[in-house]
Structure formats: structure tokens, C-alpha cells
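Worksheet: one structure, shown below.
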Amino acid sequence: MNELLKELYQEIILDHGKEPRNFGECETHNKSAHGHNPLCGDKVSLTLFVDDDIIKDIKFSGEGCAISVASASLMTEKLKGKKLSYAENMFKDFTDLVKGSEDSLSTIDEDDSLYALKGVKDFPMRVKCATLAWHTFKNALKE
Ligand code: ZN
């Protein structure tokens, strides 16, 4: 990976870690879940408003390390307005990406801000931080 790209990725994580997007709770929601990563102490609460198979609104709250907060923030940005089927594919792609298999991604490409979290693949402990919000999202859909 070239240095410029590395810096850009770093910047995205710092930015979203410090100023998370879609932070709080959806005024109207019909799905929600809590997630906890005991290895690091990260906690996330997710609320969603899903209508007609489309994620009309999604917000998160909680606390944790910069990776977990940045990941949750990026996720809400990516999933808002998307169809559930697309979101499921993105869940799969993202979990593949942070585990180091990026060969068959259909919803994420190198220009995507989610790529900023790819570096966690070298730190197994951090993979859980990065995927916490996404697993919480999956749990919310099961409700
Ligand atoms: Zn963490």
C-alpha cells in the first residue's frame, strides 16, 4: 500500500472516531440491538428504521476504541438508504475485507471509505472492534 493511501485511511479513522456520524438514536425505529466486545470493552447500540426493505434511518451510540467507533460511524453512513439485500452483501464484503480476503467483494472497492479499516486484518484483536457494529446490525435484523 502506498504511503499516501495509508495516510488517507488513517485520516478517515481518526475523523470518524472523533466525530462519529449518525450518533444517537433514531426518533422512530423498528429494529434495534446492542453489541459488546469484551476483549476491548467496546459497546454499541444500534437503532434502525426499516421500511419497504430499505434502511430509511440508522443511528448508533456507545463507546469504545477509535476503531470500533469509526467502524460504526462508517457503517451507518454506508447503510443509510440502502436495501436490506445490499446491506447483507456489504456485511459479507466488510467481514471478508477485515479478515484479509478481498478477492470477491461486490459492494466495496478501493475508493470506498470502508477500505480504511482493511489494515485491521494484521491485528486479530482489532478485527472484533471493526466488526462489532456490523454484527450488531445483523442481530438487529433478526428481531
Ligand atoms: Zn476496540
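Looking for something among the charged types (D, E, K, R) and out of contact with any Lys or Arg (no Cβ under 6 Å at 6 or more places or on another chain) - is there at least one such residue anywhere in segment 65-77? Looking for residues that are among the charged types (D, E, K, R) and out of contact with any Lys or Arg (no Cβ under 6 Å at 6 or more places or on another chain), one finds none in segment 65-77, hence no.
Of everything in segment 119-139 that is within 11 Å of the ligand (Cβ to nearest atom) and basic (Lys, Arg), the residue that is most open to solvent (accessible area, probe 1.4 Å) is Lys128. Just one of the listed residues (Val69, Val50) is in contact with a strand residue (DSSP E or B) (Cβ under 9 Å, 6 or more places away or on another chain) and within 16 Å of the ligand (Cβ to nearest atom), and it is Val69. Within segment 26-39, is even one residue surrounded by fewer than 16 Cβ atoms within 10 Å (Cβ to Cβ) and farther than 23 Å from Lys80 by Cα? Scanning segment 26-39, I find at least one residue that is surrounded by fewer than 16 Cβ atoms within 10 Å (Cβ to Cβ) and farther than 23 Å from Lys80 by Cα, so the answer is yes.
Taken together, the criteria exclude His16 from residues that are touching a residue at least 40 places away in the same chain (Cβ under 8 Å), in contact with a Leu (Cβ under 9 Å, 6 or more places away or on another chain) and open to solvent by 90 Å² or more (accessible area, probe 1.4 Å).
Residue check: Ile108 meets all listed conditions (1) outside any helix (DSSP H, G or I); (2) in contact (Cβ under 8 Å) with a residue 24 or more places away in the chain but one, namely (2). Mind checking which residues of segment 45-93 are touching an Asp or Glu at 6+ places or on another chain (Cβ under 7 Å), part of a helix (DSSP H, G or I) and surrounded by fewer than 18 Cβ atoms within 10 Å (Cβ to Cβ)? Selection gives Leu84 alone.
The values are calculated or read from the model by the stated rules, or taken from the named source; none is laboratory data. Note that the coordinates shown come from a computational prediction; the quantities given were computed from them, not determined experimentally. Positions of Cβ are backbone-derived with ideal geometry, glycine not excepted, and every protein chain shown enters the neighbour counts. These area figures cover heavy atoms from the full protein model, side chains too; ligands, DNA and RNA do not enter into them. Shrake-Rupley method; radii C 1.70, N 1.55, O 1.52, S 1.80 Å.
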